[in-house]
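The values are calculated or read from the model by the stated rules, or taken from the named source; none is laboratory data. A quick note: this is a predicted structure, and the numbers were derived from the prediction, not measured. Reconstructed Cβ throughout: ideal geometry from the backbone, glycine too, with neighbour counts over all protein chains shown. These accessible areas exclude ligands, DNA and RNA; they are computed on the full protein's heavy atoms, side chains included. Shrake-Rupley method; radii C 1.70, N 1.55, O 1.52, S 1.80 Å.
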Amino acid sequence: MIFRQLFDSVSGTYSYVLASRAGGEALIIDPVLEKVDRYCQLLRELDLKLVKAVDTHLHADHVTGLGELRDRTHCITIMGEQSKADVVAMRLADGDKLTIEGLCLDAIYTPGHTDDSYSYVMGDRVFTGDTLLIRGTGRTDFQNGDARAQYESIFNRLLKLPEETLVYPAHDYKGDTVSTIGEEKRHNPRLQVRSADDYVALMNNLKLPNPKMMDVAVPANMHVGLHQDTLEKQGLSLSPREAIARLGRPDILLVDLREASERTKHGTLEGALHAPYPSIEETLKPGGMLREVAAATGRRIVFFCAYGERSAMAVTAAKDAGLANAAHIAGGIDAWKKAGGPVLHG
């Protein structure tokens, strides 16, 4: 397995690049905007294809690299379903799986530092974001933080993992790189409390200054969404209402770019072909499934996904592949449902 822990000294942030093999699909956790050049260089050097970029929560101390990585690599951006970020391509809930080729991480909802904080467990390690730090815990005094919720997240979720589980946090200010659940149980001063009430009292009396970047980072991180209005101006976008009106028409080929787990959970549209987004370039090449179907039937490809991010990128990929007429459903199945469109389950 390829595993890299990368550090941003300005914000004290750790980012993690994961892949199951050289030349394969990669995932990055908690990227920092100013380090995107470095990540892209590393991806090239290791011959990796970045397919997913994940933030454990909405950060207040640095601007996220999610949007820039998406624009450069066309990766899928991911956060928890509670996130206030305007648009990410995929949202995960507690118990969902975050997968790339050869790797699978379990999403655990661990609120407290913020109300959208997640941790990710992969085999012998856990990426704890700012929920559990090395010999510390994330502050709970802004962004809908809640010390009692954090106590529950730490004591009833994270500390229930095997003691030898490696702890990889999103931040460290002292130079520590990794710990274990057992070590933190025994030596983390914030965890030596007798009750949730004690923990709340401790966290409510920290009196910390606000992060230096907070007034810049939080608003920036809430607006990472891809601007889908460009496609609309080019006539390559259908509003949900337009798409609903055309459902079932023989001249349209609906293509669902979401993963199988998303389709199972949120349903799909009648007659839609399934072509998961990471393989879009393959399917649009000469001889590729979508290109062949479009050519054989003369139908116009209309992509859709969860929120319109992946489908907007797929329209661009189709244009690059010579299919100039492909379109997408603006706002994805989320907007389709809000407009009253019918959805198939099961």
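Checking G308 against (1) at pLDDT 95 or above; (2) out of contact with any helix residue (DSSP H, G or I) (no Cβ under 6 Å at 6 or more places or on another chain), which test does it fail?
If we test G308 against (1) at pLDDT 95 or above; (2) out of contact with any helix residue (DSSP H, G or I) (no Cβ under 6 Å at 6 or more places or on another chain), just (2) comes out false.
In the range 16-44, how many residues are part of a strand (DSSP E or B), touching a Gly at 6+ places or on another chain (Cβ under 9 Å), touching a residue at least 60 places away in the same chain (Cβ under 8 Å) and open to solvent by less than 10 Å² (accessible area, probe 1.4 Å)? If you could, list the steps in order and put the result at the bottom.
First, the residues of the range 16-44 that are part of a strand (DSSP E or B): 16-19, 25-29, 32.
If we keep only those that are touching a Gly at 6+ places or on another chain (Cβ under 9 Å) as well, we get 19, 25, 28-29, 32.
Next cut, touching a residue at least 60 places away in the same chain (Cβ under 8 Å) only: 19, 25, 29.
So of that shortlist, the ones also open to solvent by less than 10 Å² (accessible area, probe 1.4 Å) come out as 19, 29.
Total satisfying the criteria: 2.
If I301 passes every condition in (1) surrounded by fewer than 22 Cβ atoms within 10 Å (Cβ to Cβ); (2) free of Cβ contacts under 8 Å to residues at least 60 places away in the same chain; (3) closer than 30 Å to G24 by Cα but one, which one does it miss?
It fails just one condition, (1).
State all residues of the range 162-182 that are open to solvent by less than 30 Å² (accessible area, probe 1.4 Å) and either under 21 Å from M203 (Cα atoms) or among the hydrophobic types (A, V, I, L, M, F, W, C) (or both); if no residue qualifies, say none.
Within the range 162-182, V167, P169, A170, H171, D172, I181 meet the criteria.
Give the range 297-310 a look and list any residue that's closer than 13 Å to L273 by Cβ and assigned to a helix (DSSP H, G or I), or say none.
Of everything in the range 297-310, just one residue is closer than 13 Å to L273 by Cβ and assigned to a helix (DSSP H, G or I), namely T297.
Quick one: which residue in D71, D61, D47 is over 25 Å from T110 (Cα atoms) and in a loop (DSSP other than H, G, I, E, B)? Steps first, answer last, please.
Working: D71 fails: in a loop (DSSP other than H, G, I, E, B); D61 fails: over 25 Å from T110 (Cα atoms).
One residue alone meets the criteria, D47.
Report yes if M79 is free of Cβ contacts under 8 Å to residues at least 40 places away in the same chain, buried (at least 20 other Cβ atoms within 10 Å of the Cβ) and hydrophobic (A, V, I, L, M, F, W, C), otherwise no.
Working: free of Cβ contacts under 8 Å to residues at least 40 places away in the same chain: yes; buried (at least 20 other Cβ atoms within 10 Å of the Cβ): yes; hydrophobic (A, V, I, L, M, F, W, C): yes.
Yes, satisfied.
Enumerate the pairs (first residue in the range 322-341 and in a loop (DSSP other than H, G, I, E, B); second residue anywhere and of a type in the set (F, W, Y)) with beta-carbon separation below 8 Å, excluding pairs fewer than 6 apart on the same chain, so at least 6 apart or on different chains.
A326/F303; G331/Y307
Does R91 satisfy the criteria of being among the basic types (K, R), at pLDDT 95 or above, open to solvent by 10 Å² or more (accessible area, probe 1.4 Å) and under 25 Å from L42 (Cβ atoms)?
Values: among the basic types (K, R): yes; at pLDDT 95 or above: yes; open to solvent by 10 Å² or more (accessible area, probe 1.4 Å): yes; under 25 Å from L42 (Cβ atoms): no.
No.
Determine if the range 114-123 includes at least one residue that is under 23 Å from T165 (Cβ atoms), open to solvent by 10 Å² or more (accessible area, probe 1.4 Å), within 16 Å of the chain's Cα centre (by Cα) and hydrophobic (A, V, I, L, M, F, W, C).
Yes, there is a match, as at least one residue in the range 114-123 is under 23 Å from T165 (Cβ atoms), open to solvent by 10 Å² or more (accessible area, probe 1.4 Å), within 16 Å of the chain's Cα centre (by Cα) and hydrophobic (A, V, I, L, M, F, W, C).
Among the numbered criteria (1) open to solvent by less than 40 Å² (accessible area, probe 1.4 Å); (2) in contact with a strand residue (DSSP E or B) (Cβ under 7 Å, 6 or more places away or on another chain); (3) within 28 Å of S311 (Cβ to Cβ), which single criterion is violated by E101?
Among (1) open to solvent by less than 40 Å² (accessible area, probe 1.4 Å); (2) in contact with a strand residue (DSSP E or B) (Cβ under 7 Å, 6 or more places away or on another chain); (3) within 28 Å of S311 (Cβ to Cβ), the lone unmet condition for E101 is (1).
Right, Y199: touching a residue at least 12 places away in the same chain (Cβ under 8 Å) and under 26 Å from M122 (Cα atoms) or not? Full working, then the answer.
Numbers: touching a residue at least 12 places away in the same chain (Cβ under 8 Å): yes; under 26 Å from M122 (Cα atoms): no.
Criteria not met by Y199.
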